[in-house]
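Engineer: Would you mind keeping the following structure in view while I ask a few things?
The values are calculated or read from the model by the stated rules, or taken from the named source; none is laboratory data. Just so it is clear, the model here is predicted, and its values are computed rather than measured. Every residue, glycine as well, gets a Cβ built from its backbone with ideal geometry; the counts of neighbours run over all protein chains shown. We work out accessible area using only protein heavy atoms, side chains counted, and drop any ligands, DNA or RNA first. Shrake-Rupley method; radii C 1.70, N 1.55, O 1.52, S 1.80 Å.
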Amino acid sequence: MSSAETGPSPVSEFTEGWGGSVAGALGGRFPAPEVVATARRGRDSRRTAGRVVAPHAAPRADAVSRDHAAHRAPALILVAHGSRDPRSAATMHALTERISAARPDLDVRLAFLDLSTPSVEQVVATVAADGHSHAVVVPLLLGKAFHARVDLPGLLAHAGARHPRLRLTQADVLGPDPLLVEVLRDRVLESLTAGSCGEALRSARIDATSIAASRVDVDAVAASPLTSGPHLGVAVAAVGSSSTAANERTAQVARLLTAHTGWSTEICFATIEPTVTAALSRLRARGARQLLVAPWFLAPGLLTDRLATAAPDVTHTAAIGTHPRLVQVALDRFDAAASLPRTLTA
């Protein structure tokens, strides 16, 4: 991906040019020669290339803007997939607000790859117009499939060509990340307390409200006989990709969840095989007595609805949503990309 730097935004105080800066510094009048001579002796003025430089003359606008941009933190552009379902965009906007609140020093923007607005090109253009010289693009994507490997780099290359003075750095995708696997565990425990297991867990003196707010000692909940070991079966449901490698990376999420909790897990996909019904059947065959579907999705939408329709008799957990750990992972991706050395391209 090519890289460049963004152009400086105009600085209104310096729009009159060099002559206007000098005249403004001397009360609107160009100095007489004797004034220049006096200033040279007493205040270290000088003639340079036939132009009078007043003492303490204001710096050039482009120099000021370049210096400001050089010391400015990179902009953070979050790029979500986009969906026809308004719940998805609403979740991404809420997540953006949480990330911005966590890092008020950053200029945080949200763009969408498709189906929602604003587009990547629109947001990059706005960031360039606002005077940024560097922007880090964090894909709000859980896997390295087509959108992360081909679609987004292509959009950024095109946007970079239109704004050759803006350097764009694409960060890594969000998952699979151990922190997000912890979110998946939290979502399962929240569903257990809200669903058919809620009364049993409450009788064990576990605060279901605190679990739902992600403030409970989840290890205590996980130690319940209803949620410990292979008695609980979780079908981890992801989108699915035409890339076998991408699907294999996603399957790691189910294995990590098992390693973290001891639960029986199976991976399944909303758009390809294995299906959610096949995953649930395998979990039953392995002896799981309590079954749930845990969507490996950032937000609810049409595909999570499809999963719920395919397995209506099983509890489906909430999507990852705006969980604090997702905020942390997104900022981790930003920090890692922002610290990368600049690479020069032909």
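Engineer: Mind checking which residues of segment 106-149 are free of Cβ contacts under 8 Å to residues at least 40 places away in the same chain and hydroxyl-bearing (S, T, Y)?
Structural biologist: S116, T117, S119, T126
Engineer: Quick check, is R289 at pLDDT below 95 and in contact with a helix residue (DSSP H, G or I) (Cβ under 9 Å, 6 or more places away or on another chain)?
Structural biologist: Yes; evaluated as a whole, the condition is true for this residue.
Engineer: Residues of segment 143-166 being open to solvent by 40 Å² or more (accessible area, probe 1.4 Å), of a type outside the set (A, V, I, L, M, F, W, C) and farther than 26 Å from N247 by Cβ, which ones?
Structural biologist: H158, R162, H163, P164, R165
Engineer: Another question about this same structure. What are the residue pairs meeting all of these: first residue in segment 82-105, first residue within 13 Å of V327 (Cα to Cα), second residue assigned to a helix (DSSP H, G or I) and of a type in the set (G, A, S), Cβ atoms under 6 Å, and 6 or more apart or on different chains?
Structural biologist: The qualifying pairs are I99/A330.
Engineer: Given the structure, is S100 closer than 19 Å to A338 by Cβ, at pLDDT 85 or above and in a helix (DSSP H, G or I)?
Structural biologist: When the stated conditions are applied, S100 passes them.
Engineer: Taking A318 as the residue in question, decide whether it is assigned to a loop (DSSP other than H, G, I, E, B), in contact (Cβ under 8 Å) with a residue 24 or more places away in the chain and surrounded by 20 or more Cβ atoms within 10 Å (Cβ to Cβ).
Structural biologist: Yes; evaluated as a whole, the condition is true for this residue.
Engineer: Would you pick out the residues in segment 120-142 that are open to solvent by 10 Å² or more (accessible area, probe 1.4 Å), outside any helix (DSSP H, G or I) and out of contact with any Ser or Thr (no Cβ under 9 Å at 6 or more places or on another chain)?
Structural biologist: Selection gives L141 alone.
Engineer: Follow-up question, since we're still on this one. Which residues, counting only those in segment 150-177, are in a helix (DSSP H, G or I), in contact (Cβ under 8 Å) with a residue 24 or more places away in the chain and more than 21 Å from M92 (Cα to Cα)?
Structural biologist: Within segment 150-177, A157, H158, A159, G160, A161, R162 meet the criteria.
Engineer: To continue, here is another question. How many residues are hydroxyl-bearing (S, T, Y) and closer than 16 Å to V108 by Cβ when one looks only at segment 303-346?
Structural biologist: Within segment 303-346, residues that are hydroxyl-bearing (S, T, Y) and closer than 16 Å to V108 by Cβ number 1.
Engineer: Turning to a different aspect of this structure: Any residue at all in segment 185-199 that is part of a loop (DSSP other than H, G, I, E, B) and either modelled with pLDDT of 95 or more or among the β-branched types (V, I, T) (or both)?
Structural biologist: no
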